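Readers should treat all values here as calculations from the given coordinates under stated rules, not as data from a laboratory. Bear in mind that the values here come from a model prediction, so they are computed numbers and not experimental data. Methodologically, a virtual Cβ is constructed for each residue, glycine included, from the backbone with ideal geometry; neighbour enumeration extends over all protein chains shown.
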Amino acid sequence: MKQEIAEEQRKSGLLTGAVIAFLLLALPLAVWLDLTELSKTALRRQAVDLNSVITSVRSYYASNVVGRVLANPGGTTKVVHNYESVPGAIPIPATLSLELGRVIGAQQENITYRFVSDFPFQNRAPHQLDKFEKDALDALRKDPEQKIVETETSLFNDKVRLVAPVTMGPACVSCHNSHPESPKKDWKVGDVRGIQEVIIAQPIAANIFSFKFLLAYFLIAAGSGLSFLSLQRRQASRIKGMNRELESANDFLASLSMKISRYIPPQVYKSIFSGQKDVTIHTERKKLTIFFSDIQNFTATAERLQPELLTQLLNEYFTEMSAIAHDYGGTIDKFIGDAMLIFFGDPETRGDRADAQACLQMAWRMQHRLTELNAKWRASGIELPFKARIGINSGYCNVGNFGSSDRMDYTIIGAEANLAARLQSIAEPGGIVMSYETFALVSDIVRAHALPAITMKGISREVIPYSVDALNDAAAERSGVITERAPGLELYLDPAVVKSGDAARVRSLLESALAALKPA
């Protein structure tokens, strides 16, 4: 679960960083695209304006200068293309256009003007037209009203080529149709003789500094974004380190709490760690059912066994009994040497009657389990294993945390707890003795007989003990298990467990027991 959360946080951080990086990269891209479009628009407008100026100048020159000169044939002024070699001559409109283009190109390095035709005069070098110019000339002869524009865009440079038609006016038609060097003699007014082309190139870098405020904003935003990403990485690294420390601390606490749980009852451990109980010196008076068990002649048994074997047997015994107590919801108060003190009713209770019945059923099952353990231990070579006596009493006790603020113990005190220990002392080995208060709560599930009344210091009344004979357990009856205890008798028979090879010996033992009971 922790790894999944860490992986989710890592993916979220990567996604956030990717989004921020994309936004930072998208801003200059958007600026570059807008700048490119702005540059292309400006270049088109500049090319159109320049073409319009040159066309207007040429038209004016052709009509009001060349036309007037030609209208006076007897004058001394001549209109020729090689005007520089003829004193007093002026250039023809086409030559004027070429001269204007050279002047503009010399003044503006990024502007090129071309005046070309596929019908040059015979004494002139033919014009070199590229594919774009040839296609444009063909298209304009079909439709002279259009203007053809080609835009070329590269990463750092924009170029616009604008082509406009050069149409024949009356003076041009008169000159070309009569000039001896003209390759075509049938020109008409409005025919497209050639094209004039305006080529304008503009590096994007020339315009980029026009956006100095936007660039400044971008630099600030980029710096802020990079700082944010750096801060995020540092925070992510710090949080990752903190998470590792927390995981280590949690693992340590989990291990520690697991170790602590072995020293206190599971119910108490659960109530403390869930916040239901505070770890303070506090007690309550409650009605409990108290269980007390002790192993018969444990001192003598300890003398017969080696310490290591005794420890092994005792730990196995307590382990099995504790598991049964846990199954029935009992709170294990303490182990006192070979004795056990368990109570029902705190910190969890199901009611007085249910608590008493659970305690009795637990005791009955413990005696059954101890019988099974004894069979196992005898098979391993232990001649006289454990036999336990059990006492059960129900009554009011003080239960809670006893001790000091530095060291406390969750336990019970009261005469009723002492009575459970006294009842244990009068039980037969392997038997269960309970008080009348407990018998009244469990009478519907048990068969028991009363014992002689006893008195006890601290309890003013006479106590009538009841020795348990059997439980009214339908499940046990259906299973065929036979259990019976009486003075001089301890019987536990589970036919389902008896092996087929041992059945004859068991029958022989039972028959011998019956024969021994017959009157002499």
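If each residue's Cβ is checked for other Cβ atoms within 10 Å, how do Cys397, Cys172, Cys359 rank with the fewest at the top? Write down the numbers at each step before the final one.
Numbers: Cys397 26, Cys172 22, Cys359 31.
In increasing order of surrounding Cβ atoms, one gets Cys172, Cys397, Cys359.
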Around His176: net Lys/Arg minus Asp/Glu count, Cβ-Cβ under 10 Å: 0
Phi-derived 3J(HN,Hα) across segment 351-365 with the Karplus relation (6.51, -1.76, 1.60, θ = phi - 60°), rounded Hz, x for Gly and Pro, is x, 4, 5, 5, 5, 5, 5, 5, 5, 5, 4, 4, 4, 4, 5
Compute the distance in nm between two label points, each set 7 Å from the Cα along the Cα-to-Cβ direction, one at Glu245 and one at Ser404. 3.4 nm
Can you pull the one-decimal nm distance between simple spin-label points at Asn315 and Asp130, each 7 Å off the Cα toward Cβ? 9.6 nm
In nm, what is the difference between 0.36 nm times the number of residues separating Asp143 and Arg447 and their Cα-Cα distance? 97.2 nm
May I ask which of Lys78/Lys147; Lys78/Lys134; Lys287/Lys457; Lys78/Lys188 have a Cα-Cα span longer than 28 Å here? Lys78/Lys147; Lys78/Lys134
Counting sequence-distant residues (5 or more places) and residues on other chains, those with an amide H built under 5 Å from that of Ile148 are Val163
Leu514 and Ser380 label points (each 7 Å along its Cα→Cβ direction) are spaced in nm at 3.6 nm
What aspartates and glutamates sit close enough to Lys184 to cross-link, taking a C-alpha to C-alpha distance under 13 Å and skipping anything fewer than 8 places away on the same chain? Asp118
Stretched fully, the stretch from Glu109 through Lys184 gains (0.36 nm per residue minus C-alpha distance, one decimal, in nm) 23.5 nm
